[in-house]
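Chemist: Would you mind keeping the following structure in view while I ask a few things?
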Amino acid sequence: MASTPSKTVTTKTINHKTGVTKSSTTHTSGGSSTVTNTTTIGKAAKVSSSKKTASAPAKAAGELLAARWITGPNDGGWTMCGPVAIANHLLAVTGVEASNGDIERLYRAAGGIGDSGAPLEFFLAAAAGTGLAGCRLASYGRVLVPDAGVLLLAIGGVDDLHAAARTRDGRVVLWGDDVELETLDALVLDAWSLTWHGEVK
């Protein structure tokens, strides 16, 4: 009796705005099929336009400029966008860069265990209580988007909600890059104002 040949079919959908790749692999062997779905979050592609505009990174305390944004320990499936968003806000307004260890400690202080995640408000409370990278939030509260330092977003093509820092010039920091909020296929679900002890406004 001849065996039925096995067949594998993979389809990929890439969202260049958000850097999210969704793939579905169907493996058929004998009389059974196995379907594996994966979602990979990478860096959003740079979109070139005929109009040349240069945007400088957000100004931090004094004349410091954020040279790169924090992506944090997001590998391994952990839901770290909340602590990473808070860390990027801290970097943008004070110039203090939180390490992966600092971000993981904030995650645990907010009640995150493994890939459980936690509500954004819990991360903010932990940053006020225990601090982040030697700094503590002096205050935080819900505000309208123009006054926000951290946003909670529902992004098209991304299954889970995503927290992102909002810079003083109105851009949002996603996966290590800052982009204009208006260019995203995203809905703002929550907006928070953050003030750090010793922050220069």
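Values quoted throughout were computed directly from the atomic coordinates according to the rules given, and no laboratory measurement underlies them. As the structure is a prediction and not an experimental result, all values here were calculated from the model. Note that each Cβ is placed from the backbone with ideal geometry, even for glycine, and that neighbours are counted across all protein chains shown.
Chemist: Can you run phi through the Karplus equation (6.51, -1.76, 1.60; θ = phi - 60°) for region 147-152 and list ³J(HN,Hα) in whole Hz, with x for Gly and Pro?
Modeler: Coupling constants for region 147-152: 9, 7, x, 9, 10, 9 Hz.
Chemist: With equal scatterers on the alpha carbons only and no solvent term, can you work out the Debye log10 of I(q)/I(0) for region 75-196 at 0.15 1/Å?
Modeler: Per q value, in the given order, log10 I(q)/I(0) is -0.60.
Chemist: Could you give the length gained on full extension between Asp147 and Arg108, defined as 0.36 nm per residue of separation minus the Cα-Cα distance, in nm?
Modeler: Details: separation 39, 0.36 × 39 = 14.04 nm, distance 2.79 nm.
Length gained between Asp147 and Arg108: 11.3 nm.
Chemist: With +1 on the Cβ of every Lys and Arg and -1 on the Cβ of every Asp and Glu, and nothing else charged, how large is the dipole of region 75-196 about its Cα centre, in debye rounded to the nearest 20?
Modeler: 540 debye
Chemist: Now, a different point. Please list 3J(HN,Hα) in residue order for region 97-110, calculated via the Karplus relation 6.51 cos²θ - 1.76 cosθ + 1.60 where θ = phi - 60°; whole Hz, with x for glycine and proline.
Modeler: Along region 97-110, the couplings run 9, 7, 7, 4, x, 4, 5, 5, 5, 5, 4, 5, 5, 8 Hz.
Chemist: Another one. Testing the spin-label approximation: label points 7 Å from Cα along Cα→Cβ at Thr195 and Thr130. State their distance in nm.
Modeler: 2.5 nm
Chemist: Here's a follow-up. What distance in nm lies between label points placed 7 Å from Cα along the C-beta direction at Ser139 and Glu121?
Modeler: Between Ser139 and Glu121, the label points sit 1.9 nm apart.
Chemist: So what are the ³J(HN,Hα) numbers for region 189-199, from phi and the Karplus equation (6.51, -1.76, 1.60; θ = phi - 60°), rounded to whole Hz, Gly and Pro as x?
Modeler: Result, ordered by residue: 9, 7, 9, 10, 9, 10, 10, 9, 4, x, 5 Hz.
Chemist: Related question: Starting from the 7 Å offset along Cα-to-Cβ, what nm value, one decimal, do you get for the label separation of Arg168 and Ser33?
Modeler: Calculated label separation equals 5.6 nm.
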